[in-house]
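Novice: Quick one: structure below, then a few questions.
FYI, it's all coordinate maths here, none of it is from the lab. What you see is a predicted model, and the numbers here were worked out from it, not measured in a lab. Note: ideal-geometry Cβ built from the backbone for every residue, glycine included; neighbour counts use all protein chains shown.
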Amino acid sequence: MSAGGEGGSTAIVAALGANLAIAVAKFVGFLVTGSSSMLAESVHSVADSGNQGLLLLGGKQARRAADEDHPFGYGRERYFWSFVVALVIFTLGGVFSLYEGVHKLREALDHGGELDSPLVAVGILAFAIVAEGFSFRTAVRESRPLKGAQSWWSFIRTSKTPELPVVLLEDFGALVGLALAMVGVVLTAVTGDLLWDALGTLSIGVLLVLIAVVLVVEMRGLLLGEGATSVQVAQVRSALVGDGVSRVIHLKTLHLGPEELLVAAKIAVEPGLDVAGVAAAIDAAEVRVRAAVPIARAMYLEPDLYREPV
């Protein structure tokens, strides 16, 4: 397995452990305090825990061997389950938090009220911030080798390994959501007005919906089929030329999965080569391409003679 795959699994497992512990703590906090922000964050953590399970399932499914129905394998399972995760964040996380926030807002405006044991909520949220910070730090550490010199936003937008951007955004959203919940609980405790708790819940809902939309857009692109990066395309194009291949007439690439690239190209072979020479030139080109871009596992090269355009 590639470093990206190992890093993704490490980050997922770290996030899963943190979210399970956090979810239990938040539910206890909600039962003690009645805070809608705590309830929204509890559901958020449960959703995140389920999401990590889905990502692990996707990784397992993607490792199945190619068969007659799926001759290029199951690598895109990872894209599919990451897309499902984005939908879960939107519905179970964002929409529920918005619903609960509106409900609490009406309640606060109609009846007022205050939180029970706000110090308990603050303590639990502080614990959750520490645990979530550990998970986020793990995701950042595992993502750095793949990110390279890119900005974090560019990495999320261009990464072909879906799990790491998903966990990064989940953990970042969780930390911001916890901060919003903390502000809502503290202001409610100080002012005695549940309006702040309701606004904190609504803010969490808006945040989760925005994160889900970003993930849906990115995972949709991967599901539809994205080509190699411009750097990889240049590497493939350069590696194809040599030992009987004079130029690349046209080239197309497609990700079959995060670590598997399909390369299809029409190449101009040197005039005068016999059948054995053409075959040798194609074999040599494939070796060069796989040395330059190791994920180029499926390759189809069509030999031709180059003709100057009229």
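Novice: Between A40, A265, A131, which gets the highest mean-square fluctuation from a Gaussian network model of the chain, Cα cutoff 10 Å?
Specialist: A265
Novice: Right, something else. Along the charge dipole of region 3-224, Cβ charges K/R +1 and D/E -1, which of W196, L207, V28 sits furthest on the positive end?
Specialist: L207
Novice: Which percent of the Cα-Cα distances in the chain go past 26 Å?
Specialist: 54 percent
Novice: For L305, L256, what ranking results if the residue with the fewest other Cβ atoms within 10 Å of its Cβ goes first?
Specialist: Placing the least packed residue first, the sequence is L305, L256.
Novice: What are the lysines whose alpha-carbon lies under 27 Å from the alpha-carbon of K147, with same-chain residues fewer than 8 places away excluded?
Specialist: Candidates past the 8-residue exclusion: K60, K160, K252.
Novice: A further question on this structure: Would you mind working out the magnitude of the charge dipole of region 3-224 relative to its Cα centre, with +1 at each Lys and Arg C-beta and -1 at each Asp and Glu C-beta, to the nearest 20 Debye?
Specialist: Using Cβ point charges on Lys, Arg, Asp and Glu, region 3-224 gives about 760 debye.
Novice: Most mobile of S151, S143, S135 per a Gaussian network model of the chain (Cα springs, under 10 Å)?
Specialist: Ranking S151, S143, S135 by mean-square fluctuation puts S151 first.
Novice: I would also like to ask the following. Taking neighbour Cβ counts within 10 Å as the exposure measure, how do L54, L87, L39 sort from fewest upward?
Specialist: L87, L54, L39
Novice: Using the Kirkwood radius over C-alpha pairs as Rh, can you work out the diffusion coefficient of region 230-304 via Stokes-Einstein at 25 °C, viscosity 0.890 mPa s, in µm² per second?
Specialist: 201 µm²/s
Novice: Next up: Please arrange D243, D274, D48 by counting, for each residue, the other beta carbons lying within 10 Å of its beta carbon, fewest first.
Specialist: Listed from fewest to most nearby Cβ atoms, that is D274, D243, D48.
Novice: Kyte-Doolittle mean at least 0.0 and Cα extent at least 30 Å along the axis: which DSSP H helices of the chain qualify?
Specialist: 3-33, 36-62, 118-147, 163-191, 195-224
Novice: Please check: in the Gaussian network model of the chain (C-alpha springs, under 10 Å), which one of Y74, Y300, Y99 has the largest mean-square fluctuation.
Specialist: Per the Cα network of the chain with a 10 Å cutoff, Y300 tops the list.
Novice: Report, in deg cm²/dmol and to the nearest 500, the calculated mean residue ellipticity at 222 nm for the chain, where each DSSP H run with n ≥ 4 adds -39500 (n - 2.57) and the sum is divided by the residue count.
Specialist: My calculation for the chain gives -23500 deg cm²/dmol from helical runs alone.
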